[in-house]
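Here's the structure, in structure tokens; my notes come after.
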């Protein structure tokens, strides 16, 4: 009973930490599981998204996992085959590897056996069913590479707002002025 209370307290503390603190907590194996999380990661989710086989997932350094992202290390569809007597007691598993400096957008799903290369952006709602090469932007269902990270940079380099050093109130005022909102 005491162990259950301790685990609930850890989950509570995880859900109330900042995204960077969550990454640090996972890097230091604060939550139960045999997962690998690098340094400088951010988890913009209040729950650990590692699924039923966290030991099959490896997260590199400076990876950002946004809200709703799911890691799927096995094929749940095997259930149908098992119940049809076709592959009794069988399951299919695959490792998931996220290399360094990757951003995974809201509600994306990473399927078994996938590696996402370094310096990659995975767009919102993508379903990643195969490896994504380094230095890519991939989107869709199934996710496909739509441009290189260099093309992404070229698209936005003259259109960005440098607001990361501003407070929330300062950013709000800046954006209200920029978009002429009163």
Worksheet item: Can we say residue 123 is under 20 Å from the mean Cα position of the chain (by Cα), free of Cβ contacts under 8 Å to residues at least 60 places away in the same chain and within 23 Å of residue 37 (Cα to Cα)?
Response: yes
Practice prompt. For residue 24, indicate whether it is at pLDDT 70 or above, out of contact with any helix residue (DSSP H, G or I) (no Cβ under 6 Å at 6 or more places or on another chain) and over 19 Å from residue 111 (Cβ atoms).
Written response: yes
Worksheet entry | Sole residue being out of contact with any helix residue (DSSP H, G or I) (no Cβ under 9 Å at 6 or more places or on another chain), within 27 Å of residue 21 (Cα to Cα) and exposed (fewer than 14 other Cβ atoms within 10 Å of the Cβ), chosen from 69, 102, 124 | 124
Practice prompt. Return the total of residues in the stretch 53-103 being over 21 Å from residue 116 (Cβ atoms) and in contact (Cβ under 8 Å) with a residue 12 or more places away in the chain.
Written response: 3
Worksheet item: Could you list, in sequence order, the residues of the stretch 93-107 that are in a loop (DSSP other than H, G, I, E, B) and farther than 15 Å from residue 54 by Cα?
Response: 99, 100, 101, 105, 106, 107
Worksheet item: Can you name every residue in the stretch 50-66 that is surrounded by fewer than 19 Cβ atoms within 10 Å (Cβ to Cβ) and at pLDDT below 85?
Response: 51, 52
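Given the structure, is residue 85 loosely packed, with under 14 Cβ neighbours inside 10 Å, in a loop (DSSP other than H, G, I, E, B) and on the phi > 0 side of the Ramachandran plot?
Judged against the criteria, residue 85 is a match.
The values are calculated or read from the model by the stated rules, or taken from the named source; none is laboratory data. Note that the structure is predicted; figures quoted are calculated from it, not measured. When we count neighbours, we look across all protein chains shown, and the Cβ atoms used for this are built from the backbone with ideal geometry, even at glycine.
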